[in-house]
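A short write-up of the structure that comes next.
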Amino acid sequence: HIDELFGTKHWRHELLENSENNGEEEIVKLYQDRLNLVAKYVRSFDMINGSNQTIYRLVFGTNSIQGLRKMKESMWKVDGQGTFTFSDRTDPFQTVLFELKPDYNDLKKLLVNKFKGKTVTIDKIKEFIVTETAYLDSKIKTEILKPMEYANPPEIRIESKRKRGTFPDGTIITFI
């Protein structure tokens, strides 16, 4: 059954013969690597209980950014009662936990690190957020870009014609 799960018998070599690295993380990584052969975007979300123990993992794979966006939206909505904490496996070293209000300062730092000195479209920024971070792109305009535009001095420059403080699709933004 495990051969079928991984789609190969090579897991035996990778997990059983390399005994120093055969923990939960390595199993999930191997599964995600195998899933990446057929899905462009693969995410693993830990379901963690109040004792900070993993109950199970949800592994999601898709070739659609919209599908990934919907999965992330679902994960952000589930914790309304505070019963579980969801940990995004996009970046194992990232300390972001799913909570009711995202840490927009952290997201802003990620965006500045990625795009400082570059000119990109709003669509590329949103794609980066969805595919490379634990965050959603739904509040990017109001919570991050608008304050960056109104900052003194401005932290971004808008190359497109539009009403100040708005960021329609196709807006071109330079991170200063």
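Close contacts from the range 148-167, counting a first residue that is without any contact (Cβ under 8 Å) to a residue 40 or more places away in the chain and a second that is part of a helix (DSSP H, G or I) and among the acidic types (Asp, Glu), with Cβ to Cβ under 8 Å and a gap of 6+ residues or different chains, come to Ile156/Glu149; Ile158/Glu149; Arg164/Glu149; Gly165/Glu149.
Please find, within the range 152-175, the residue that is nearest to Leu68 (Cα to Cα) out of those that are of a type in the set (A, V, I, L, M) and open to solvent by 30 Å² or more (accessible area, probe 1.4 Å).
Taking the range 152-175 as the starting set, the residues that turn out to be of a type in the set (A, V, I, L, M) are 156, 158, 172-173.
If we keep only those that are open to solvent by 30 Å² or more (accessible area, probe 1.4 Å) too, we end up with 158, 172.
Working: Ile158: 28, Ile172: 24 Å.
Restricting to residues being of a type in the set (A, V, I, L, M) and open to solvent by 30 Å² or more (accessible area, probe 1.4 Å), the top hit is Ile172.
For the range 63-77, check the following and say yes or no: at least one residue is of a type outside the set (Asp, Glu) and in a strand (DSSP E or B). Quick ask: steps written out before the conclusion?
Filtering the range 63-77 down to residues of a type outside the set (Asp, Glu) leaves 63-72, 74-77.
Filter again for in a strand (DSSP E or B), leaving none.
No: the range 63-77 contains no residue that is of a type outside the set (Asp, Glu) and in a strand (DSSP E or B).
In the condition set (1) open to solvent by 60 Å² or more (accessible area, probe 1.4 Å); (2) more than 18 Å from Gly7 (Cβ to Cβ); (3) not in a helix (DSSP H, G or I), Glu25 is compliant with all but (3). Residues that are charged (D, E, K, R) and under 14 Å from the mean Cα position of the chain (by Cα) within the range 125-157 comprise Lys126, Glu127, Glu132, Asp137, listed in sequence order.
Ala134 falls short on exactly one of the conditions (1) crowded, with 16+ Cβ neighbours inside 10 Å; (2) over 30 Å from Phe45 (Cβ atoms); (3) modelled with pLDDT under 95; (4) not hydroxyl-bearing (Ser, Thr, Tyr), and that condition is (2). Determine which single condition Leu145 fails, assuming it passes every other condition in (1) more than 19 Å from Tyr104 (Cβ to Cβ); (2) surrounded by 14 or more Cβ atoms within 10 Å (Cβ to Cβ). If we test Leu145 against (1) more than 19 Å from Tyr104 (Cβ to Cβ); (2) surrounded by 14 or more Cβ atoms within 10 Å (Cβ to Cβ), just (1) comes out false.
The values are calculated or read from the model by the stated rules, or taken from the named source; none is laboratory data. Fair warning: this is a prediction, and the values are worked out from it, not measured in the lab. FYI the Cβ positions are ideal-geometry reconstructions off the backbone, even for glycines, and counts take in every protein chain you see. Each accessible area value is taken on the protein alone, full model and side chains, heavy atoms only, with ligands, DNA and RNA left out. Shrake-Rupley method; radii C 1.70, N 1.55, O 1.52, S 1.80 Å.
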